[in-house]
Structures are given as structure tokens and as C-alpha cells.
Amino acid sequence: METTATQARSLPRLNEPAPDFEATTTQGTLKLSDLRGKWVVLFSHPADFTPVCSTEFMAFAQNYGEFEKRNAVLIGLSVDSVYSHIAWMRNIEEHSGIKIPFPVIADLDMKVAQLFGMIHPGAAATATVRTVFFIDDKGIVRAMIYYPMSCGRNMDEILRVLDALQTADANSVATPANWRPGDPVVVPAPATKDAADKRMQEEGLDRFDWYLSKKPLGK
């Protein structure tokens, strides 16, 4: 049996390639590597026909256009069958009028769930916890969020993380606490004494000190 340390090393890590997979979904076969060129938001839910998951699926669907604007593909996953997924999606549409536009992986053998560390025995032995993986357009894992089964996810935060990652990439900056699009960003800290001295003379910055300065984007 693998040790805990070995299992931990096999899980996805930030800034490393996401494990590739091919899986059956509600929209046919999907291979992760075929989505290069787009960002991927891969999220798991504990089970079909459950209350919190139903609210999340409706929320993801209602924000589908916002993910598309960000060149991001949504992919759901649970260990239920494709027939269960289809029945649940039809049930959601029947009761809410909301269509689920994104594919949902049927992971009965838990292959993808195990690859991405979605099974946490302390929470449930055969159900996936609520995870969100942000995979960039080059197939690299850029962020991951784990939630307990009792806590529904916040779409604003998921979109905010996606915006922050894309903004950092496009502008070689970082984003401060509670950042939202349009807010000032953090410029990289100086790496030498001379650079730190120059930073203290630099104009156009909201400067806390040499190691923390913000600026509006475009300046």
C-alpha cells in the first residue's frame, strides 16, 4: 500500500502540469489535453440529486457566459454514472428552467478523482469533496480550492481567482487581498538593495514601503 507521503507527491501541485485524462461526460468523450489554448475550471461535487450540489450547478450554469468571456471551460465531475448525471440535469432544468451547458464527467471508477485528489476518506470514502482546479491555457495547475461537503462554493470568488491569475500573467504583477478587476495591483518587490533604493524614488506608485507598492493597471 502506498504511504501517505507517496500519495501526496502524486497529487497535482501548483505550477506543474495537470494530469491528463480521457473520460466519458454528458457531452461525449473528453480529453483534458485537447483543451490546450483555453483555461479549464475543473470542479467536483459529492453526488447527483443532492441539495447543495444542485444550487452550485445552477450557479455555475448562470455564470457560464462569464467563464466564456475569460476563455475558460467549465467541467464538472462526480463518481455517478452518465445516466444519473443526465437525469439530474434534466431534473434541474424541469424545476428551475436552467440548462446545464457544461460537460459533467462520469467517474464511476474514480480514476480522475484519484488523479486530482478529490477523494478524502475523512469526509467520505466514495464521494468527491468539493474541489476546484484552475488549469491555464498551457495545461498548468495554477490554483486549487477545497471545500467541505457542507459548504457551497461562491461563484464570485471563483471568477475573481480566474481574473487575478489572468491579470497577473498579462501584466507581470500580483494582486493584493480582496482584489477585484479595476483595483490597483502589486508590483514585484525589488530583489536588490539598489533596486529597493530606486523603488523609494519611483513616481506613480502607492507605496507602503520599498517591498510593497501598488499601481493602477496601465501605469
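Laboratory data are not the source of any read-out in this text; all were calculated from the coordinates shown. These figures come from a predicted structure and were not determined experimentally. With ideal geometry, Cβ positions are generated from the backbone for all residues, glycine too; neighbour counts draw on all protein chains shown.
Filtering the range 82-118 to residues that are within 22 Å of the chain's Cα centre (by Cα), of a type in the set (D, E, K, R) and surrounded by fewer than 21 Cβ atoms within 10 Å (Cβ to Cβ) leaves LYS99, LYS111. Scanning the range 65-81 for residues that are farther than 17 Å from GLN166 by Cβ and buried (at least 16 other Cβ atoms within 10 Å of the Cβ) gives ILE75, GLY76, LEU77, SER78, VAL79, ASP80. Looking at this structure, is ARG130 buried (at least 18 other Cβ atoms within 10 Å of the Cβ), within 30 Å of PRO181 (Cβ to Cβ) and of a type in the set (Lys, Arg)? It is true that ARG130 is buried (at least 18 other Cβ atoms within 10 Å of the Cβ), within 30 Å of PRO181 (Cβ to Cβ) and of a type in the set (Lys, Arg). Scanning the range 72-97 for residues that are touching an Asp or Glu at 6+ places or on another chain (Cβ under 8 Å) and aromatic (Phe, Trp, Tyr) turns up just one, TRP88. In the range 28-64, the residue that is surrounded by the most Cβ atoms within 10 Å (Cβ to Cβ) out of those that are more than 20 Å from TYR83 (Cα to Cα) and small (Gly, Ala, Ser) is ALA59.
The numbered conditions (1) farther than 23 Å from PHE43 by Cα; (2) surrounded by 16 or more Cβ atoms within 10 Å (Cβ to Cβ) are all true for ASN171 except (2).
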